[in-house]
Structure formats: C-alpha cells, structure tokens
Amino acid sequence: MSVAATHTSLFYDGDRDYATEAGGFLREGLEHGHRALVMAPPSRMALVATELGADADAVDFIDQAVAYEPQWNAYRVLLDHLATTPDVPTRVVAEQSLLRRAPAELVDYRRLESAANLVFEGRSVDLLCPYDARALPDTLLDIALRAHDGLRVRGSVVPNARFRDPLEELAGLAAVVQPPAHTTTLDCSCQSDVSLVRRTVRAKGAQDGLDPEVVDDLELAVSEVLTNALLHGSPPTLVHLYEEADMWVCHVQDGGRLPVDPLAGVVPPAELSDHGYGLWLARQLVAAVDVGSDLTGTHVRLHVRLPR
C-alpha cells in the first residue's frame with residue numbers, strides 16, 4: 001500500500017509502448033485495490049482502455065479538454081478525486097497534448113509539473129506523466145527530466161539524475177517581465193478602482209475579440225489579484241493591458257519589492273481567506289500566470305489566448 005506520493009515520468013516510443021507501460025502501471029495498482037484515474041487526450045484513453053480490457057471499467061477517464069482547461073484545473077480535478085476516498089491509494093496517468101500550447105502556457109506547465117512534487121506530498125497517490133519521445137522536441141522532454149525523480153522503463157522505475165529540486169525550479173521561473181512601452185495602463189489606488197478595471201477589461205476584451213466566457217474568467221482573476229495587491233502590496237498599483245505574441249495579457253504591478261514566495265498560488269491554501277488564495281483561483285481561470293518581483297515591484301501577469 002502506498003504511503004507517500006510518487007511522481008514518475010514515462011518517455012514512450014509509439015502507441016504500443018504507451019499502452020503497455022501506462023496500462024501496466026494502472027493494472028499494478030488495481031491488483032492491490034487502488035483506485036485509477038486517467039487524464040489524457042481521447043486517443044490515449046482509448047489505448048489504455050483497450051490494453052486493460054475488462055479492468056478498464058474500474059478506471060475513471062477524464063478528457064484533457066476537461067482536466068487541462070486551463071492547465072492548473074488538473075490539480076483541482078485530481079484533488080477532488082482523491083478527496084472522495086482519502087484512505088484509498090490512487091494511481092494516475094496524466095498527459096496533455098503539449099504541442100498545442102503557446103510558449104507562455106509551456107512556461108506555466110513547467111511550474112505545474114515541478115509543483116506537483118509539493119502539492120501532492122504526503123498523499124497516497126502515484127502519478128505517471130507520459131511524454132511522447134517521438135513527437136516532442138527536447139525542450140519539452142526537458143520538462144519531464146527536471147520535474148520527476150523517477151523514470152518508468154520497461155515496467156520498472158529508475159532514478160532520474162536530471163531531477164531538480166522543485167523549490168529551486170519554481171524560483172528560477174519567477175522572472176519579472178516588464179510591460180511593453182505601448183500599453184493601456186490603469187492607476188488603481190483603492191478598492192473602488194477594481195470595478196473600473198473590470199469594466200475596462202470587459203470592454204477591451206470584447207473589442208479585441210475575446211470569447212465572452214474567457215473575459216468573464218479574466219475579470220474574476222484580475223479582481224482577485226488586484227484586491228490582493230491593494231491589501232498586501234505597496235503603492236502604486238497599476239494594471240497594464242497588452243498583447244504579447246499569441247496572448248492577451250492583464251498585468252498587475254504593485255510597489256512591493258519583497259521576494260515572492262515561489263509557492264504563492266501554487267499550493268492550494270488551507271482556507272479561502274489565506275493569503276495566496278487569489279493567485280490559486282486565478283490559475284484555475286486563465287491560460288497562464290507569471291509571478292515575480294524585483295526593484296520595480298511585484299508583477300503578476302494573467303494570460304489568455306487571443307482568438308485565432
């Protein structure tokens with residue numbers, strides 16, 4: 001019986017290799033009375049179901065379009081799944097189609113993978129994260145090597161010498177990106193200015209063709225982050241709106257210069273009132289979130305995809 005979380009990666013070479021390794025991993029758990037969950041693209045779920053045969057009836061399958069939209073929703077899906085039977089160990093296969101992700105989303109995916117070692121620490125869950133060795137470039141395979149301390153190879157787990165301490169990895173990803181020279185900037189000095197920001201986000205988002213549901217989620221996310229900046233940050237508090245590559249960015253900046261906790265908004269808060277809840281919620285609402293601080297203050301960048 002599992003007594004602590006494991007976080008293992010799998011570099012698979014084609015459909016047969018994927019089915020054998022992912023299916024074998026799940027079957028091992030089922031034989032010991034563990035629960036099983038697969039969060040993956042439909043084609044991958046079908047391979048696992050075929051490999052397991054009748055045993056697939058004991059597996060919960062969740063399409064990547066539900067589990068990973070946005071990416072950090074995968075944590076909430078898994079935490080909710082674990083909460084239903086907290087005393088029963090669970091085996092999870094978690095994979096999404098990384099090639100469809102924008103650069104800002106891939107940076108955030110690095111955070112998500114490294115943070116998993118901390119979010120699920122102490123929980124009785126075994127996570128297997130498959131990566132397509134044929135299709136993915138080295139830059140994406142590097143995510144797996146830095147975030148997992150073990151690699152599944154032919155049915156066994158071997159140590160991964162490339163694994164990096166999660167806190168070091170998260171701290172290294174907390175670089176500040178300054179807003180561009182040409183941007184819409186709002187000066188927000190008090191709580192009453194939050195409604196002005198929401199109206200501006202809604203109007204400009206509609207003008208730029210963002211989906212209304214995306215704008216709704218972005219409004220809520222920026223409200224949470226801005227309120228947090230007004231309560232815990234230092235003046236001035238500014239909101240910058242601009243486009244960056246294929247993303248629409250809502251950038252909240254305040255004058256606070258203290259180092260940002262690399263776990264802020266990454267590990268779920270114990271209480272809704274806890275400092276960091278706003279960032280945690282924002283990660284469930286938008287495509288990507290960057291957080292960092294330097295001499296210019298604390299910066300939180302909320303990304304949503306531009307219409308294609």
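Points to keep in mind about this one:
- Filtering region 133-143 to residues that are touching a Phe, Trp or Tyr at 6+ places or on another chain (Cβ under 9 Å) and in a helix (DSSP H, G or I) leaves Leu140, Leu141, Ile143.
Quick grid of which residues meet (1) within 18 Å of the chain's Cα centre (by Cα); (2) buried (at least 23 other Cβ atoms within 10 Å of the Cβ):
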residue: Asp216; (1), (2): no, no
residue: Val222; (1), (2): yes, yes
residue: Leu226; (1), (2): no, yes
residue: His232; (1), (2): no, no
residue: Val239; (1), (2): no, yes
residue: Tyr242; (1), (2): no, no
residue: Asp246; (1), (2): no, no
residue: Asp254; (1), (2): no, yes
residue: Asp261; (1), (2): yes, no
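- The strands (runs of 3 or more DSSP E) falling completely within region 144-202 that include 2 or more residues that are of a type in the set (S, T, N, Q) map to 184-187.
- Restricting attention to region 100-132, the residues that are assigned to a helix (DSSP H, G or I) and of a type in the set (S, T, N, Q) total 2.
- Scanning region 150-182 for residues that are surrounded by 15 or more Cβ atoms within 10 Å (Cβ to Cβ) and polar (S, T, N, Q) returns a single hit, Asn160.
- If only residues of region 112-142 that are under 15 Å from the mean Cα position of the chain (by Cα) and not aliphatic (A, V, I, L, M) are counted, the one that is farthest from Gly265 (Cα to Cα) is Cys129.
- Check on Arg91, part of a strand (DSSP E or B) and outside the structural domain of Asp261 (by TED's automatic domain parsing): yes
- Pairs linking a residue in region 184-199 that is free of Cβ contacts under 8 Å to residues at least 40 places away in the same chain and more than 15 Å from His251 (Cβ to Cβ) to a residue that is of a type outside the set (Gly, Ala, Ser) and surrounded by 11 or more Cβ atoms within 10 Å (Cβ to Cβ), with Cβ atoms under 6 Å and 6 or more positions apart or on different chains, are Gln191/Leu230; Val194/Leu226; Arg198/Glu219.
- Number of the condition not met by Arg305 [criteria: (1) touching a Phe, Trp or Tyr at 6+ places or on another chain (Cβ under 9 Å); (2) crowded, with 21+ Cβ neighbours inside 10 Å]: (2)
- Filter result for Gly24 (over 29 Å from Asp165 (Cα atoms) and of a type outside the set (Asp, Glu)): no
- Picking from residues in region 203-214 that are outside any helix (DSSP H, G or I) and over 23 Å from the mean Cα position of the chain (by Cα), the one that is farthest from Arg301 (Cα to Cα) is Gly209.
- Listed conditions (1) more than 17 Å from Trp280 (Cβ to Cβ); (2) of a type outside the set (Val, Ile, Thr); (3) without any contact (Cβ under 8 Å) to a residue 24 or more places away in the chain are all met by Leu231, apart from (1).
- Residue in region 266-288 that is surrounded by fewer than 24 Cβ atoms within 10 Å (Cβ to Cβ), in a strand (DSSP E or B), in contact with a strand residue (DSSP E or B) (Cβ under 7 Å, 6 or more places away or on another chain) and assigned by TED's automatic domain parsing to the domain that holds Asp211 present: no
The values are calculated or read from the model by the stated rules, or taken from the named source; none is laboratory data. This one's a predicted model, so the numbers in the text were calculated from it and none came from an experiment. Every residue, glycine as well, gets a Cβ built from its backbone with ideal geometry; the counts of neighbours run over all protein chains shown.
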